[in-house]
Amino acid sequence: MPVLTIGDDFPEYEMTAVVPGVLADIKAEAPEDYFTTVTSDDADGVWRVVFFWPKNFTFVCPTEIAAFGDLHPEFKARNCEILGVSVDNEYSTYAWRRAQLELRHIPFPLASDLTRELVSELGILNAAGVADRATFIIDPFNIIRSVSITADSVGRNTTEILRQLDALQSGNLCGCNWQKGACVIDALEEMTA
């Protein structure tokens, strides 16, 4: 299946996820207290960044998840939720979060697409049977506004994803390397100049 792209509806989903926050602070009385259900309905009316990583207990993936965690307040300030997803099960993701120092304080859910339903619908299930390193920015109307996929060996740039979100939310024409607060392009002025 081809990769869903700009203008497509983001598929509906319901997945089990490791709860956000500091794992050590969770008042768990049973193992299931470390998990929650995330659905596409949770994001009605907000922007979303949904990103996928290939496998738990790898080397590039935790750097990206931690980087999204560091920028989480910036995304929240822009009415944007973050969701991380892999095809590993939720118990593996929980164990990875506990074992990896930089993953212990992740402020957004990390979901399991164990059935591979979502990655298949998105067209990002690769020949190895795992998700491509893909990022989708979705608007409040559930429309995909940005898609990027990188090789497994190359981490994504979370600052660039935030910049793209700013540009998309501006509703204007934003030139190369545009930054929030900079001048935007006035097409009418450009055409009459």
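Once phi is turned into θ = phi - 60°, what whole-Hz ³J(HN,Hα) does the Karplus curve with 6.51, -1.76 and 1.60 give for every residue of region 129-141, x standing for Gly and Pro?
Here the 3J(HN,Hα) series is x, 10, 6, 5, 7, 10, 9, 10, 9, 10, 7, x, 9 Hz.
Just to be sure I understand: with springs between alpha-carbon atoms less than 10 Å apart, which residue in P107, P31, P73 has the highest mean-square fluctuation in the Gaussian network model of the chain?
P31
Mind jotting down the three principal axis lengths of the chain based on Cα atoms? Whole angstrom, largest first.
66, 37, 32
Can you find, among I144, Q179, V130, the residue farthest towards the positive end of the dipole of region 126-193? Put +1 on the C-beta of Lys and Arg, -1 on that of Asp and Glu.
Comparing the listed Cα positions along the dipole, V130 ranks first.
Using a cut-off of 9 Å between beta-carbons, work out the net charge of the residues near R104 (Lys and Arg +1, Asp and Glu -1, R104 not included).
In short, +1.
Give me the dipole magnitude in Debye, nearest 20, for the chain about the Cα centre, with unit charges on the beta carbon: positive for Lys and Arg, negative for Asp and Glu.
Approximately 620 debye in magnitude.
In deg cm²/dmol and to the nearest 500, what is the mean residue ellipticity at 222 nm of the chain if only DSSP H runs of at least 4 residues count, each as -39500 (n - 2.57), divided by the residue total? Walk me through the intermediate numbers first.
Details: 5 runs with 52 residues, N = 193.
That comes out to -8000 deg cm²/dmol.
Can you compute the FRET efficiency between N79 and T5 using 1/(1 + (r/R0)^6), with r the Cβ-Cβ distance and R0 = 41 Å? Round to the nearest 0.05.
Once rounded, the FRET efficiency stands at 0.95.
With everything on Cα atoms, drop me the angle between helix 90-99 and the longest principal axis of the chain, reported from 0 to 90° to the nearest 10.
Value to nearest ten degrees: 90.
Which FRET efficiency value, to the nearest 0.05, do you get for D42 and T63 by plugging their Cβ-Cβ distance into 1/(1 + (r/R0)^6) with R0 = 25 Å?
Working from the Cβ atoms, E equals 0.45.
Relative to the longest principal Cα axis of the chain, at what angle does helix 158-170 sit, 0 to 90 degrees, rounded to 10?
Rounded to the nearest ten degrees, it is 50.
Mind giving me the nanometre distance, one decimal, between the label points for A95 and E160, set 7 Å out from Cα along Cα→Cβ?
With each label placed 7 Å out from Cα toward Cβ, I get 3.4 nm.
Does region 16-74 classify as rounded, prolate or oblate by the C-alpha gyration tensor (a ≥ b ≥ c root eigenvalues; a/c under 1.5 gives rounded; else a/b over b/c gives prolate, otherwise oblate)?
Because a/c hits 1.5 or more and a/b fails to exceed b/c, region 16-74 counts as oblate.
Mind giving me the FRET efficiency for T150 and E29? R0 is 41 Å, r the Cβ-Cβ distance, nearest 0.05 is fine.
Details: r = 40 Å, r/R0 = 0.98.
Efficiency computed from Cβ-Cβ geometry: 0.55.
Please compute the alpha carbon radius of gyration of region 58-151, then divide it by the globular-protein estimate 2.2 N^0.38 Å. Two decimals is fine.
On the way: Rg = 13.5 Å, N = 94, 2.2 N^0.38 = 12.4 Å.
Normalised Cα radius of gyration, region 58-151: 1.09.
Where nothing but the Cβ of Lys and Arg (+1) and of Asp and Glu (-1) is charged, how large is the charge dipole of region 1-89 around its Cα centre, in debye to the nearest 20? Don't jump to the answer; show the numbers that get you there.
Working: 5 positive and 16 negative charges, 73 e Å.
Using Cβ point charges on Lys, Arg, Asp and Glu, region 1-89 gives about 340 debye.
Where a number appears in this text, it was derived from the coordinates with a stated rule and is not lab data. Being a predicted model, the structure only gives us computed values, none of them experimental. Ideal geometry is used to build each Cβ from the backbone, glycine not excepted, and the neighbour counts take in all protein chains shown.
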